[in-house]
Structures are given as C-alpha cells and as structure tokens.
1. Six or more apart or on different chains, Cβ under 7 Å: which pairs go from a residue in region 105-129 that's surrounded by 19 or more Cβ atoms within 10 Å (Cβ to Cβ) and of a type in the set (Asp, Glu) to one that's part of a loop (DSSP other than H, G, I, E, B) and at pLDDT 95 or above? Could you list them?
2. Run Glu159 past the list (1) of a type in the set (Asp, Glu); (2) modelled with pLDDT under 95; (3) closer than 18 Å to Ala107 by Cα and report the number of the one that doesn't hold.
3. Only one of these conditions is not met by Gly269: (1) in contact with a strand residue (DSSP E or B) (Cβ under 8 Å, 6 or more places away or on another chain); (2) surrounded by fewer than 18 Cβ atoms within 10 Å (Cβ to Cβ); (3) of a type in the set (Gly, Ala, Ser); (4) modelled with pLDDT of 95 or more. Which number is it?
4. Could you check, for region 166-176, whether at least one of its residues is β-branched (Val, Ile, Thr), surrounded by 16 or more Cβ atoms within 10 Å (Cβ to Cβ) and closer than 18 Å to Thr9 by Cα?
5. Tell me the residue from Phe79, Phe85 that is assigned to a loop (DSSP other than H, G, I, E, B) and closer than 24 Å to Val231 by Cβ, please.
6. Are there any pairs, at least 6 apart or on different chains, whose C-beta atoms fall under 8 Å, with the first in region 50-75 and crowded, with 23+ Cβ neighbours inside 10 Å and the second acidic (Asp, Glu), and if so, which?
7. Whether any residue in region 285-299 is of a type in the set (Asp, Glu) and farther than 22 Å from Ala152 by Cβ is what I want to check.
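The values are calculated or read from the model by the stated rules, or taken from the named source; none is laboratory data. On a predicted model such as this, the values are computed, not experimentally measured, just so you know. Cβ coordinates were reconstructed from backbone atoms using ideal geometry, including for glycine residues, and neighbour counts include every protein chain displayed.
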Amino acid sequence: MTPRHVLVTGGTGFIGAALVRRLLGDGHRVRVLDNDSRGSATRLDDIADDFERISGDVRDADAVEKAARGVEAVHHLAFVNGTEFFYEKPELVLDVGVKGMVNVLDACIKAEVGELVLASSSEVYQHAPRVPTDEAVPLSIPDPTNPRYSYAGGKIISEIMALNYGRKHFERVLIFRPHNVYGPDMGWEHVLPQFVLRMKKLSQKTDSTVKFPIQGTGKETRAFVFIDDFVDGLAIMFEHGEHLGIYNIGSTEEVAIADVARMVGEIYGRGVNVVAGPPAEGGTPRRCPDIGKLAALGYRPQVTLSQGLPVLARWYDANADKAPADAS
C-alpha cells in the first residue's frame, strides 16, 4: 500500500493505540486526535516521537478541523464504549457519537480528505436473525427506551452518514464492525478483565472450587478476537477494501460465557461453579460474526481464546492495583 498521512481519532484508546502502531509499522505518517477521556496517552509513550499528537475532543469542530488538515485518510474511532456507560451515560454516548461524526465529516470535506474509515460495532446487529451474522443482516434498535441502545443507535447513525456522504464527497469510505476485541490494557469495563479480577480475588480466599457469579445463565455466547488478529484484519481492509464496503472483523470461535469463566478459573488453578444472575437488560444471547467477506481479502485470525486469554490475564493480574474499586 502507498504510504499515506493518516489521522486517527480516538488514537489513545485500546483499539486506536494498536492501530497507530500498525499504521506506523506499515510506513504511514500518523496524527492522533484524542482528549484521553476514555483512552490513555501512556499506551503510546514508547513511540511518542513517531507520530503527531493533537489533544482535543471530537465534539469540538475547530479541533477536528485542525486535525484533518493535510491528511489523506481519517480513521474515525473516537466514541464512548463500555456497556456500563451505555446504561449510565447514554446522553454522553450519543453526544460524542453523533456530534463527533458530524464534525469528522465536515472537517474531511473541508480539507478534501480522500478516504474515511469508520469504526462501527457488532452492537448494531442486536438480536440477529442468523448466527454467524453477516454484514447484510438488518440493523435494529429493539427498544428505544432502553439506554443501552444509545451506543448502537449512535453507531447506526454514523454508518448511515458515512455511506451517504461517502457517495458524493470521498474517494473511498470503509466501515468495520469489531466483534469483542480483547487483549492487555483493554480497559476495565469489559467482561474479560472483570472476570480475571474477580477470579484473582476469589482464588485468594480458597484453594478449592470457587463460586463465580455472572450476569445471565452462562449459556450466552460471544466470539472474542485477540487485538493482534483484529489489527491484521483492519490493515487488510484498509489495503484491499472496496468503496462503501462494510466488514465484520472478529473470530468465528463462539464460546459460552460460562466456559469463559471456567477458562479463567483454569488460569488461576481453580475449579469454577458458575452462579447465574439476572441478565443485562437488552443483552444479546448469541454473537458470532460471519467473516467470509474479509476472509476473501486474506484475513485469517490466528490466536484462539485459550491462547490469548492467559496473555490478557497476566497483564490484569500484574496491574490489578490500578483497577477502579468497582472493576470486578
């Protein structure tokens, strides 16, 4: 791929920081726009001299316009993620999502940016009529009164805007839908870090089987993709993806949440007695992507959950003292 000058919004987030590293490794010039409200610049401390950093909020039109000047492509990742935020701060989720998307589009058009890559989400599918779920499945908001869907709603709006503005104003628009990306330093408001921290505490209290409370029955499934595999998929899409193309990025290894808990228990040498609890309101019972569209471009995830989960666990075990009080 011809090296480009690329802006990454949300570049200090978990996925954003990994993307910055990959773009630099592939020979691109990189500029990052982030206010670190959800990300952390420390993720990129060791390569701080290799890219340009602009501190700013995507809701600030002037900051976004400044960041977009002179670049050839924009990867728009800035958003408020984490299920806890969907329920507790839905207005913030929508404010960042919708205003951010408007500002990015306006800035790109003014700066004549040729390419836009938008981060969407597997949340846009909700209760998919088929699993594995392909990109052609209708998007839906099952209940607009449920604050959880603030995130999915913001992502659907962003997709529609990117596609329709893309037809007129861009040489290429690409949309990717991540499916449960995980890895070290991914944040604290996600199921895998929370399972690890909870198991760490429980394993210190007993040498035998631990009672492990979870949301839902444990039969709910997810397909997790390790961050290195995910970024490979993103790079492949950026190189080969077609204009107005939408691509799932994930793994097809579908795992029940109860089995995930048992895998975490094995890391700590403990048996696990899963204790079912009330499900999250609006939660999805199954989630697993059809990745055939990206596979046709050469995408092949390599890291199984049994390989990647211990890597994540080691990081969170070593950094447990940094966790918020309610992280587990």
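1. These pairs meet every condition: Glu115/Glu72; Glu115/Phe170; Glu115/Glu171.
2. The failed condition is (2).
3. That leaves (1) as the condition not met.
4. Taking region 166-176 as the starting set, the residues that turn out to be β-branched (Val, Ile, Thr) are 173, 175.
Adding the requirement that they be surrounded by 16 or more Cβ atoms within 10 Å (Cβ to Cβ) leaves 173, 175.
Those left that are additionally closer than 18 Å to Thr9 by Cα: 173, 175.
Yes: region 166-176 contains one or more residues that are β-branched (Val, Ile, Thr), surrounded by 16 or more Cβ atoms within 10 Å (Cβ to Cβ) and closer than 18 Å to Thr9 by Cα.
5. Values: Phe85 fails: assigned to a loop (DSSP other than H, G, I, E, B).
Checking each option against the conditions leaves just Phe79.
6. Val64/Asp106; Val74/Glu115
7. No, there is no match, as no residue in region 285-299 is of a type in the set (Asp, Glu) and farther than 22 Å from Ala152 by Cβ.
Yes or no, residue by residue, for (1) touching a helix residue (DSSP H, G or I) at 6+ places or on another chain (Cβ under 9 Å); (2) hydrophobic (A, V, I, L, M, F, W, C):
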position	(1), (2)
Pro184	yes, no
Phe195	yes, yes
Gln204	no, no
Ile214	yes, yes
Thr217	yes, no
Phe230	yes, yes
